[in-house]
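Presented below is the structure to which this report refers.
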Amino acid sequence: QVRLVESGGGLVRAGDSLRLSCAASGLTFSWSTMGWFRQAPGKEREFVTALRGNGDTTWYADSVRGRFTISRDNAKNTVYLHMNSLKPEDTAVYYCALNAGAGHRSPTVYDYWGQGTQVTVSS
């Protein structure tokens, strides 16, 4: 079965950096769009960033543009989220997702999801 497993979350201070990883198994995702979403307590799940399967296009939410970078290593079937200059408002559970079809911003277009990893940023 397809499985996505996030790792790398933790407790950090404002201004620190983290790198999240999402390892996929059960399929090769080289031609799939990979996305990162986050959800804070009491909030809706929101789009963070995505990378198109052909590797030529990335998308970022305005709130993270310039601070976060999405990348992938197809040989390892892994996607990364590099987070710099973290802010308390970045605190959330971060989820990776795989979309075998079209679209990137809406959670509803993604076919598979990881279990999430907690990122907490103290002020």
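The values are calculated or read from the model by the stated rules, or taken from the named source; none is laboratory data. The structure presented is a predicted model; accordingly, all values stated were derived computationally and were not measured. Neighbour counts are summed over all protein chains in view; Cβ atoms, including those assigned to glycine, are modelled from backbone coordinates with ideal geometry. For the accessible areas, the whole protein counts, side chains as well, though only heavy atoms, and no ligand, DNA or RNA atoms are used. Shrake-Rupley method; radii C 1.70, N 1.55, O 1.52, S 1.80 Å.
Quick notes on this structure:
- The chain: most fluctuating residue of Arg67, Arg38, Arg105 per GNM, C-alpha cutoff 10 Å: Arg67
- Neighbourhood net charge (14 Å Cβ-Cβ; Lys/Arg +1, Asp/Glu -1) for Ser71: +2
- Counting only protein heavy atoms and a 1.4 Å probe, the stretch 48-89 has 48 square angstrom of accessible area per residue.
- Relative contact order, percent, the chain [alpha-carbon distance under 8 Å, six or more residues apart]: 36
- Taken about its Cα centre, the chain carries a charge dipole of roughly 100 debye when the Cβ of each Lys and Arg holds +1 and the Cβ of each Asp and Glu holds -1.
- Within the accessible surface of the chain, defined with a 1.4 Å probe on protein heavy atoms only, the carbon and sulfur portion equals 47 percent.
- Fluctuation leader among Ser17, Ser63, Ser32 - the chain, Gaussian network, Cα springs under 10 angstrom: Ser63
- FRET E, pair Asp111, Asn84, Förster distance 35 Å, beta-carbon r, rounded to 0.05: 0.75
- Of Pro41, Pro88, Pro107, the residue with the greatest mean-square motion in the GNM of the chain, using alpha carbon springs below 10 Å, is Pro41.
- Computed from phi, the 3J(HN,Hα) profile of the stretch 24-35 under the Karplus parametrisation 6.51, -1.76, 1.60 (θ = phi - 60°) reads 9, 9, x, 6, 9, 9, 4, 10, 9, 6, 10, x Hz, with x in place of Gly and Pro.
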